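Asks: The structure under discussion is supplied below as structure tokens; questions concerning it will follow.
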Amino acid sequence: MRQAKDYIIFPLDVSSAGEAKHFVELLADHVGLFKVGLELFIRLGPDIVRFINAAGSAGVFLDLKLHDIPATVSRAMAGIADLEIQFATVHCGETPRMLEAAVNSSQGKVQILGVTVLTSVTADDIRIAGYGPDFYQNLSILVLQRASLAKKAGCAGVVCSGLETAMLKAHFGNEFIAVTPGIRPQWSLGEKDDQRRVTTPAQAVKNGSDYLVIGRPIRDASDSREAAVRIAEEITSVI
């Protein structure tokens, strides 16, 4: 049975090996996964993945958001599959062939997640990008369309806002994984940041989110470990 901490993904959005290793050692027993994004992977490469895997039971979510021609994505994912990670991300983008290439090259060693619409994106951003009113007047339609592409391509799930999780579970079933960024604990709401479509941990889990990406409320707390425990307690109240 999953514990509350297993829902928590802590993003290592830091610029140095020292900072990254500090948080890994501090939180390895209090989160389910560590997210390694572009900034850290460019600086440290596979070494940070190996460090996390040696630190404890928490796994690795490699969030590189691949987006390129299918052949390039295929070769990149073949390299990622050789690392010991649980999830890797690919933008849903314009063609399902890119998603299919990622899934095929993962060799079943890593679960592929399609990135639908970033939680920093607003309806106005979609309008300015040239999408029609069907999409920018209701972002859920765009999320659903992209999630459908991911599902058909064989992806294990998607990255989406907690506001859309219930809709996706209704369409694709509970086995289709929903990883939700933009999570803000009730006690941290009101803080200014660049996330726009946010939910609390309890709300997201109630809606069906399987994993919650929670960064600043833990990283910026005076006691990061205590903040992670506090968030796990909030999740416990609804599971």
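Asks: Only one of Val36, Val31 is in a loop (DSSP other than H, G, I, E, B), under 18 Å from the mean Cα position of the chain (by Cα) and within 21 Å of Ile177 (Cβ to Cβ). Can you tell me which?
Replies: Going through Val36, Val31 in turn, the sole match is Val31.
Asks: Please find, among Gly32, Gly56, Gly37, the residue that is of a type in the set (Gly, Ala, Ser) and touching a residue at least 60 places away in the same chain (Cβ under 8 Å).
Replies: The conditions single out Gly32.
Asks: If you don't mind, there's one more thing I want to ask. Among the residues of segment 118-138, is any buried (at least 21 other Cβ atoms within 10 Å of the Cβ) and within 22 Å of Lys35 (Cα to Cα)?
Replies: Yes, segment 118-138 contains a residue that is buried (at least 21 other Cβ atoms within 10 Å of the Cβ) and within 22 Å of Lys35 (Cα to Cα).
Asks: Given the residues Asp47, Asp6, which is the only one that is surrounded by fewer than 21 Cβ atoms within 10 Å (Cβ to Cβ) and under 24 Å from Ser209 (Cβ atoms)?
Replies: The match here is Asp6.
Asks: Among the residues of segment 67-94, how many are assigned to a strand (DSSP E or B), free of Cβ contacts under 8 Å to residues at least 60 places away in the same chain and open to solvent by less than 30 Å² (accessible area, probe 1.4 Å)?
Replies: 1
Asks: Being aliphatic (A, V, I, L, M), touching a Phe, Trp or Tyr at 6+ places or on another chain (Cβ under 6 Å) and at pLDDT 95 or above is the requirement here; does Val179 meet it?
Replies: Criteria met by Val179.
Asks: Okay, moving on. Are there any pairs with C-beta distances below 7 angstrom linking a residue in segment 155-170 that is without any contact (Cβ under 8 Å) to a residue 12 or more places away in the chain to a residue that is polar (S, T, N, Q) and open to solvent by 20 Å² or more (accessible area, probe 1.4 Å), with the two at least 6 apart or on different chains, and if so which?
Replies: Going by the 7 Å Cβ cut-off, there are no qualifying pairs.
Asks: For segment 216-232, how many residues are of a type in the set (Asp, Glu) and at pLDDT below 95?
Replies: Going through segment 216-232 one residue at a time, the tally reaches 1.
The values are calculated or read from the model by the stated rules, or taken from the named source; none is laboratory data. Quantities reported herein were computed from a predicted structural model and do not represent experimental measurements. Using ideal geometry, Cβ is built from the backbone for each residue, glycine included, and neighbour counts are taken over all protein chains shown. Each accessible area value is taken on the protein alone, full model and side chains, heavy atoms only, with ligands, DNA and RNA left out. Shrake-Rupley method; radii C 1.70, N 1.55, O 1.52, S 1.80 Å.
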